[in-house]
Amino acid sequence: MSIRGFRCSWLLAVMLSMGGCAINPVTGDADFVLMSEATERQLGARYHQQILAQYGVYQDAPVQGLMERVGQRLARVSHRSELNFRFTLLDSPEVNAFALPGGYIYLTRGLLAYLGSEDELAAVLGHEIGHVTARHSVRQHSASTVTGLLGAIVGAQTDPGGQELVSFAGTALVRGYGRDHELEADRLGAEYLAAGGYQPEAMLEVIRVLKNQELHEVRQAKAEGRPAQVYHGLFATHPDNDRRLQEVIGAAQTLRASRAPAGDDLGFLRVLDGLVFGDSAAQGIVRKHRYYHRELGIVAVLPEGWRIENRRKRLIAVAPGRDAIVQLETLAVKADRSPVQLLHEQMRGARFAHEFEIAGHGRRGHGATVTLNTPFGVRDARVAIVIVGSTVLQISAAVDPSPWPGNYAAAIRETMFSLRPLRDEEQPLAEAQRLHLIRIESPQSIASLAKEADQAGDMADQLRLLNKLYPDREPRVGQWLKVIR
């Protein structure tokens, strides 16, 4: 046997030995999967730690307790009730929910803010539980693994048409992922809602609310020149026009258990009273083009008009043309050495040029131009280490193309030299904004409520989205509203 033939036979043997048929807990049919349930749990546990490190847990016992209670109520009536489901509320303003293998379910406080009832919370959690019970991630992993093995086999044969075959095989194996699996997760979620005493039609209401949020986000992202951040489970059409979605929800109505309603809307809203909305104090607050961080005790001026990505451990500013970037991050090092020493330590081996000092106003720093691998390729980048109190920060900036355009150089220099300690009178600016529950006692417009919120941006649209009044409805007297303060 030739080496090539041996390699092909070996790869096929590996694929066959890895493959196994498992009974799908939902359908009862045999699934071709390459992962045991024990491995599924181990995989989820490992990634769970990474998710917590990336996002952090939102520390609010009543809100987390509500999510746990609703999630476990649904898990008990699911097709995999034996799994140890874990429900975690993430400290992120993103509008998102997702599941990991093994029963790890996540919801962001950014998505929670838009929900209006316990039934709607159950709808989101039920959808994600459906992904777990149907083993969608496991099946997708198995499909991608087999596609990779097919690619190796075809590549080993050096068949000129091999890449085309791999592409076809990959398409065939993963054809069902997307709309069909999202619909299946909605169908399962609706069944679990009915069995748990919730309203299955809440699935439609959640999709309606989040679809409006998606439409608004897409418009905002387009205006700001950035990718839109939308919840993965949304479809291209509104639920009112989606016949298949209406059918899967309607079918669950016949499964409704005869029991008392699971929760009341006002009680749910009261639990959300005080929920952080937008940036949290832990990640720092961006107001217009200034950055205030209470825990680090710093203030920075950001390039005006640039798109800001405020992540948990770093802040990124991107120029409108996407041809310049500035990143601010804290370093886990002690401030017991000079900025020059720390800069050379961080940029060990790099060639330094055009070094400069940053001094006065309660900070000390040192910067230079160095050659780095940037998002634009290998470029001359400007890097500075700035020490404010006991906090060590690194500011990195790159543009495309080099040499640096003068307008970007000025904006980047301003940001680098703007870092300073947070003053006492600026402490309120470093506090996060929160949801508050109010009752409309007399006729009042969304525009008047928006003026009371000290935050730049489209506050009127946000209030309408939060209260199911989007795009142009007004609140009625006696209605309870979520406002931002």
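The values are calculated or read from the model by the stated rules, or taken from the named source; none is laboratory data. Being a predicted model, the structure only gives us computed values, none of them experimental. Here the Cβ positions follow ideal geometry from the backbone for every residue, glycine too, while neighbour counts run over all protein chains shown. Only protein heavy atoms, including side chains, enter the accessible area calculation; ligands, DNA and RNA are left aside. Shrake-Rupley method; radii C 1.70, N 1.55, O 1.52, S 1.80 Å.
Show me the strands (runs of 3 or more DSSP E) found entirely inside region 329-396 where at least 2 residues are among the aliphatic types (A, V, I, L, M) and surrounded by fewer than 18 Cβ atoms within 10 Å (Cβ to Cβ).
By residue number, 352-360.
Among the helices (runs of 4 or more DSSP H) confined wholly to region 93-177, which include 2 or more residues that are open to solvent by less than 50 Å² (accessible area, probe 1.4 Å) and at pLDDT 50 or above?
109-112, 118-133, 136-156
Return yes or no: is G321 under 27 Å from S92 (Cα atoms) and of a type in the set (G, A, S)?
So G321 passes the test.
Would region 183-199 turn up any residue that is assigned to a helix (DSSP H, G or I), open to solvent by 50 Å² or more (accessible area, probe 1.4 Å) and modelled with pLDDT of 85 or more?
Yes, that holds for at least one residue.
Is it fair to say Q253 is farther than 24 Å from T108 by Cβ, modelled with pLDDT of 75 or more and more than 27 Å from the chain's Cα centre (by Cα)?
Against the criterion (farther than 24 Å from T108 by Cβ, modelled with pLDDT of 75 or more and more than 27 Å from the chain's Cα centre (by Cα)), Q253 does not qualify.
Could you grab me the full set of residues in region 286-317 that are on the phi < 0 side of the Ramachandran plot and part of a loop (DSSP other than H, G, I, E, B)?
H289, R294, E295, L296, L302, P303, E304, W306, R311, R312, K313
In this structure, does Q64 turn out to be under 23 Å from E191 (Cβ atoms), open to solvent by 10 Å² or more (accessible area, probe 1.4 Å), at pLDDT 95 or above and in a helix (DSSP H, G or I)?
Taking the combined requirement at face value, the residue does not satisfy it.
What tally of residues in region 439-485 results from selecting those that are assigned to a strand (DSSP E or B) and either under 23 Å from R287 (Cβ atoms) or in contact with a Pro (Cβ under 6 Å, 6 or more places away or on another chain) (or both)?
4
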